[in-house]
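The values are calculated or read from the model by the stated rules, or taken from the named source; none is laboratory data. Note that the coordinates shown come from a computational prediction; the quantities given were computed from them, not determined experimentally. Cβ placement follows ideal geometry from the backbone for every residue including glycine, while neighbour counts extend to all protein chains displayed.
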Ligand code: FES
Ligand code: FES
């Protein structure tokens with residue numbers, strides 16, 4: 001391994017600009033003649049728009065235009081995935097116009113768009129818009145949304161049901177339950193979360209009257225997807241007249257995958273007004289409009305034989321979609337959730353039912369992990385409870401049911417085929433690193449100090465590296481999920497890599513440069529990674545579902561294969577050898593059995609200065625593009641162990657140790673990989689202990705609408721993390737990479753809650769819901785069957 | 001409209017502003033210093049931290065007119081030309097940043113923290129960073145970076 005090659009913790013190339021304030025985020029971009037947009041939003045969760053009077057706003061200082069739903073003459077925001085219900089009927093797909101036409105369906109819904117010379121003027125003018133609403137009763141609760149007699153969000157969606165879907169073999173599952181020795185049951189809520197990337201969403205729309213080209217600068221994880229959705233479905237602008245640029249993006253975590261109303265509005269209005277228009281969300285708007293995450297209510301049952309072997313699992317879940325369908329919302333609680341319910345276990349029969357419901361709340365879509373944290377939380381809480389009921393050791397019940405390392409490829413009963421893994425290895429690694437064996441003495445020691453100490457475990461798997469196009473197409477995806485990579489070798493031998501993935505914190509500019517510099521044998525400083533601009537990058541599906549290295553990196557490898565193949569032909573010509581005899585290693589072409597050699601740089605120059613060149617057989621130039629469509633999902637997995645100490649007087653939970661041992665496949669840059677795990681675990685801890693998105697059940701007002709009310713993890717809420725990787729290679733992509741972006745958020749929440757329950761178990765407490773806030777823990781202690789013995 | 005005048009990163013800067021203009025808006029919009037970020041509207045996130053007369057301040061919490069006559073340092077004024085400040089270098093060495101959005105505020109807060117406490121303990125660092133939210137890193141590497149930066153700043 002070289003100092004900058006595959007496997008080295010190379011310091012990031014992108015850091016210098018971020019550390020010196022030279023990054024360029026969307027809100028940093030200003031176009032000549034730029035105007036500013038403010039969006040007037042609904043104050044009601046559910047209301048008819050009776051009348052909008054914009055006259056006073058139109059004549060307010062600085063105002064250029066005011067638009068309402070009546071003015072908007074283009075299409076609605078599309079859903080990218082179609083789910084069919086059990087009875088074969090397609091999901092209910094309500095219209096989603098960027099400006100509401102006659103009804104608002106959640107607090108924050110777009111009512112009017114004001115464009116003015118300055119943002120302050122636009123905002124002032126919006127206050128002068130007089131909207132007459134007729135308020136309607138709202139439905140907020142996930143669990144109650146499908147009950148008869150509740151307020152209806154959409155006339156077409158009876159009992160607010162978007163779809164009623166299922167997966168698995170119901171008959172086999174029922175049969176296994178019938179002969180079970182014991183059945184463990186659990187009811188769980190996976191609470192709604194707000195992604196809260198630190199950069200608020202922003203969009204700048206621009207229209208060039210000379211060329212008729214539109215440009216949208218936007219905070220997106222996938223600019224080509226936005227171009228496709230907005231161009232083809234919403235505004236009907238063909239791709240060659242629409243450029244989408246996602247420059248530096250300040251975190252996404254899923255929330256910046258989706259196509260949002262504001263992107264369409266600034267682009268549309270820029271075309272109408274012939275002025276660039278900037279819109280930037282205030283944080284309060286982010287809370288009211290960024291797609292939120294999770295929000296499941298589930299019941300699950302696990303059937304076991306007398307030895308604790310899992311016989312069958314049945315799950316029924318209600319998933320909240322919010323008021324509309326966000327871009328990928330329909331697939332999150334189905335194909336990214338129920339398909340994961342085998343987990344790392346050999347459970348032979350599984351049946352899952354998922355009902356998606358509409359409510360008068362902000363849309364819900366993918367948030368770090370998307371479906372897989374929900375599946376993992378359900379399984380790992382259930383398995384812990386099963387162990388308690390069966391009076392079995394928590395580790396042993398898991399081991400007993402693990403898919404063994406010899407069993408791969410392993411076909412689960414819920415559609416997925418795992419390619420590789422070693423769950424005993426990651427479990428053993430985590431048990432050792434966390435000193436699981438020594439825990440009871442730490443518990444006893446803490447007890448002497450009046451503290452309740454607990455330890456919790458989760459062994460998880462996820463499916464990422466999204467995704468084989470044909471497979472997802474058959475499951476309802478309306479797009480392919482391959483990736484595109486392009487390598488441009490310049491005449492002097494430096495290289496620009498164009499990737500369709502997008503980096504918004506993941507460090508692709510470094511990781512991909514390592515991959516390319518190592519493979520081509522050139523200095524990492526000679527490699528530049530370019531992403532985020534549809535006018536530069538041939539195509540792309542973007543970054544989400546931990547796909548960038550596994551899918552995007554593989555496309556880059558395929559493009560490099562083509563480069564090397566062509567370069568070998570040029571080198572063969574230069575060395576007067578047969579192509580079959582040319583070898584390429586460490587940046588040099590050689591002829592086997594001779595001392596002839598020619599460096600990569602010479603071949604590059606020859607490609608562009610083809611004086612001595614096989615011109616009749618080969619085009620000049622050295623640039624190649626490849627598309628890579630994965631053959632399967634990838635399956636990272638691992639074991640997370642959390643140790644907590646509870647203060648019974650205050651209910652405060654302190655995480656004293658957190659250990660993650662993850663199998664993420666091939667690691668290119670260990671420093672970046674560890675950073676990804678840290679960040680994911682922090683979000684998992686946020687979900688387990690701190691964060692919850694709460695609406696008033698009557699009025700539908702968002703009660704946690706600011707960073708003062710929504711508890712984000714801060715530096716003094718979190719511990720240091722012990723993270724390690726223990727990998728098996730992905731068997732079906734050329735890198736062997738599985739993905740790391742989401743594992744932290746997937747594996748950690750159940751480990752933390754299992755630890756809290758373990759700490760409370762001496763008092764007879766069996767359950768605590770997320771987030772396990774001090775109040776909840778304190779109340780659990782107060783109402784526990786057993787009291788804390790006075791020391 | 002009032003005129004404000006201040007020294008920003010060692011250079012005199014003045015502009016006419018509306019009374020309601022925040023310092024962060026003045027820096028970003030009037031002076032084009034977009035390294036200082038806006039992450040919230042409730043003074044919670046710390047993405048906007050700059051130094052005003054040597055003290056770390058959330059520039060979204062101050063009107064531009066309140067900084068009239070002050071000396072302001074933003075993230076753009078921290079490095080010495082192309083040579084990073086030891087705290088910036090420590091963030092780079094310890095992978096203390098991912099998306100980079102919280103980073104300018106983190107670095108400005110960290111420099112202030114170390115200026116007031118040359119050898120902060122881990123607990124003091126975590127406490128000192130309370131006003132800065134990072135959604136990407138889980139703080140583990142930021143804490144490491146601040147520790148390393150403190151050591152480097154001692155020289
Ligand atoms: S912008 Fe969030 S604290 Fe200033
Ligand atoms: S690095 Fe992204 S918010 Fe801190």
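Of all residues in region A:430-441, those satisfying the criterion of being surrounded by fewer than 17 Cβ atoms within 10 Å (Cβ to Cβ) and under 17 Å from residue A:398 (Cα atoms) are A:432, A:437. Residues in region A:15-27 that are crowded, with 17+ Cβ neighbours inside 10 Å, touching a residue at least 60 places away in the same chain (Cβ under 8 Å) and facing another protein chain (nearest Cβ under 9 Å): A:18, A:23, A:25, A:27. Against the conditions (1) within 8 Å of chain B (Cβ to nearest Cβ); (2) more than 30 Å from residue A:736 (Cβ to Cβ); (3) in a loop (DSSP other than H, G, I, E, B), residue A:12 satisfies every one except (2).
So which of A:174, A:199 is within 16 Å of ligand 1 (Cβ to nearest atom) and either modelled with pLDDT of 95 or more or outside the structural domain of residue A:365 (by TED's automatic domain parsing) (or both)? Explain how you work it out, then say what you get.
On the way: A:174 fails: within 16 Å of ligand 1 (Cβ to nearest atom).
Going through A:174, A:199 in turn, just one is within 16 Å of ligand 1 (Cβ to nearest atom) and either modelled with pLDDT of 95 or more or outside the structural domain of residue A:365 (by TED's automatic domain parsing) (or both): A:199.
Does any residue of region B:57-67 turn out to be away from ligand 1 (no atom under 16 Å from the Cβ) and either surrounded by 22 or more Cβ atoms within 10 Å (Cβ to Cβ) or in contact (Cβ under 8 Å) with a residue 24 or more places away in the chain (or both)? Within region B:57-67 (the criterion being away from ligand 1 (no atom under 16 Å from the Cβ) and either surrounded by 22 or more Cβ atoms within 10 Å (Cβ to Cβ) or in contact (Cβ under 8 Å) with a residue 24 or more places away in the chain (or both)), the answer is yes, since at least one residue qualifies. In summary, residue B:81 fulfils each of the numbered conditions (1) closer than 30 Å to residue A:511 by Cβ; (2) away from ligand 2 (no atom under 16 Å from the Cβ); (3) touching a residue at least 60 places away in the same chain (Cβ under 8 Å) with the single exception of condition (3). Among the residues making up region B:91-108, those that are surrounded by 24 or more Cβ atoms within 10 Å (Cβ to Cβ) and assigned to a helix (DSSP H, G or I) are B:91, B:103, B:104, B:105, B:106, B:107, B:108. Within region A:126-140, the presence of at least one residue that is assigned to a helix (DSSP H, G or I), assigned by TED's automatic domain parsing to the domain that holds residue A:273 and modelled with pLDDT of 95 or more is confirmed.
Here is a yes/no grid of residues against (1) touching a helix residue (DSSP H, G or I) at 6+ places or on another chain (Cβ under 9 Å); (2) outside any loop (DSSP other than H, G, I, E, B); (3) in contact (Cβ under 8 Å) with a residue 40 or more places away in the chain; (4) buried (at least 20 other Cβ atoms within 10 Å of the Cβ):
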{"position": "A:33", "(1), (2), (3), (4)": "no, no, yes, no"}
{"position": "A:39", "(1), (2), (3), (4)": "yes, yes, yes, yes"}
{"position": "A:43", "(1), (2), (3), (4)": "no, no, yes, no"}
{"position": "A:56", "(1), (2), (3), (4)": "yes, yes, yes, no"}
{"position": "A:64", "(1), (2), (3), (4)": "yes, yes, yes, no"}
{"position": "A:93", "(1), (2), (3), (4)": "yes, no, yes, no"}
{"position": "A:108", "(1), (2), (3), (4)": "yes, no, yes, yes"}
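Within region A:411-429, restricting attention to residues that are assigned to a helix (DSSP H, G or I) and either touching a strand residue (DSSP E or B) at 6+ places or on another chain (Cβ under 6 Å) or modelled with pLDDT under 95 (or both), which residue is surrounded by the fewest Cβ atoms within 10 Å (Cβ to Cβ)? Talk me through it step by step, then tell me what you get.
Filtering region A:411-429 for residues assigned to a helix (DSSP H, G or I) gives A:423-429.
From what is left, the residues that are either touching a strand residue (DSSP E or B) at 6+ places or on another chain (Cβ under 6 Å) or modelled with pLDDT under 95 (or both) are A:423, A:426-427, A:429.
Values: A:423: 25, A:426: 28, A:427: 24, A:429: 21.
The residue in question is A:429.
Evaluated against (1) within 14 Å of chain B (Cβ to nearest Cβ); (2) within 30 Å of residue A:549 (Cβ to Cβ), residue A:62 falls short on exactly one condition, (2). Evaluate the following for residue A:408: is it in contact with a strand residue (DSSP E or B) (Cβ under 8 Å, 6 or more places away or on another chain) and farther than 30 Å from residue A:641 by Cα? For residue A:408, the condition - in contact with a strand residue (DSSP E or B) (Cβ under 8 Å, 6 or more places away or on another chain) and farther than 30 Å from residue A:641 by Cα - is not met. Among the residues of region A:187-210, those that are more than 14 Å from every other protein chain (Cβ to nearest Cβ) and touching a residue at least 12 places away in the same chain (Cβ under 8 Å) comprise A:187, A:188, A:189, A:190, A:191, A:192, A:203, A:205, A:206, A:207, A:209.
Can you go through B:24, B:4, B:50, B:72 and tell me which one is more than 9 Å from every other protein chain (Cβ to nearest Cβ), free of Cβ contacts under 8 Å to residues at least 40 places away in the same chain and buried (at least 22 other Cβ atoms within 10 Å of the Cβ)? Steps first, answer last, please.
Numbers: B:4 fails: free of Cβ contacts under 8 Å to residues at least 40 places away in the same chain; B:50 fails: free of Cβ contacts under 8 Å to residues at least 40 places away in the same chain; B:72 fails: free of Cβ contacts under 8 Å to residues at least 40 places away in the same chain.
The conditions single out B:24.
Scanning region B:126-142 for residues that are surrounded by fewer than 24 Cβ atoms within 10 Å (Cβ to Cβ), more than 16 Å from ligand 1 (Cβ to nearest atom) and within 24 Å of residue A:250 (Cβ to Cβ) turns up just one, B:126.
Selection of region B:32-47 for residues being within 16 Å of ligand 2 (Cβ to nearest atom) and more than 8 Å from chain A (Cβ to nearest Cβ) yields only B:46.
Per the listing A:748, A:706, the residue uniquely more than 20 Å from the chain's Cα centre (by Cα) and within 14 Å of another protein chain (Cβ to nearest Cβ) is A:706.
Being within 14 Å of chain B (Cβ to nearest Cβ), closer than 14 Å to residue A:723 by Cα and surrounded by 19 or more Cβ atoms within 10 Å (Cβ to Cβ) is true of residue A:672.
Please go through region A:260-286 and pick out each residue that is within 16 Å of ligand 1 (Cβ to nearest atom), under 11 Å from residue A:201 (Cβ atoms) and not in a strand (DSSP E or B). If you could, list the steps in order and put the result at the bottom.
To start, the set of residues in region A:260-286 that are within 16 Å of ligand 1 (Cβ to nearest atom) comprises A:280-286.
Then keep just the ones that are under 11 Å from residue A:201 (Cβ atoms); that gives A:280-283, A:285-286.
Correct list: A:281, A:282, A:283, A:285, A:286.
In the condition set (1) surrounded by fewer than 17 Cβ atoms within 10 Å (Cβ to Cβ); (2) touching a strand residue (DSSP E or B) at 6+ places or on another chain (Cβ under 8 Å); (3) in contact (Cβ under 8 Å) with a residue 60 or more places away in the chain, residue A:583 is compliant with all but (3).
Yes or no: residue A:525 without any contact (Cβ under 8 Å) to a residue 60 or more places away in the chain, assigned to a helix (DSSP H, G or I), out of contact with any helix residue (DSSP H, G or I) (no Cβ under 8 Å at 6 or more places or on another chain) and not assigned by TED's automatic domain parsing to the domain that holds residue A:731? Considered against the rule, which asks whether it is without any contact (Cβ under 8 Å) to a residue 60 or more places away in the chain, assigned to a helix (DSSP H, G or I), out of contact with any helix residue (DSSP H, G or I) (no Cβ under 8 Å at 6 or more places or on another chain) and not assigned by TED's automatic domain parsing to the domain that holds residue A:731, residue A:525 comes out as yes. Evaluating residue B:29 against the criteria (1) without any contact (Cβ under 8 Å) to a residue 12 or more places away in the chain; (2) within 28 Å of residue A:119 (Cβ to Cβ); (3) more than 16 Å from ligand 1 (Cβ to nearest atom) leaves one unmet condition, (3).
Here residue A:719 passes the criteria (1) on the phi < 0 side of the Ramachandran plot; (2) crowded, with 17+ Cβ neighbours inside 10 Å; (3) touching a residue at least 40 places away in the same chain (Cβ under 8 Å); (4) out of contact with any strand residue (DSSP E or B) (no Cβ under 7 Å at 6 or more places or on another chain) except the one numbered (4). Of the residues B:29, B:130, B:124, B:76, the single one that is in contact with a helix residue (DSSP H, G or I) (Cβ under 7 Å, 6 or more places away or on another chain), at pLDDT 95 or above and either more than 12 Å from ligand 2 (Cβ to nearest atom) or part of a loop (DSSP other than H, G, I, E, B) (or both) is B:130.
Only one entry in A:762, A:734 is surrounded by fewer than 24 Cβ atoms within 10 Å (Cβ to Cβ), more than 14 Å from chain B (Cβ to nearest Cβ) and assigned to a loop (DSSP other than H, G, I, E, B), namely A:734.
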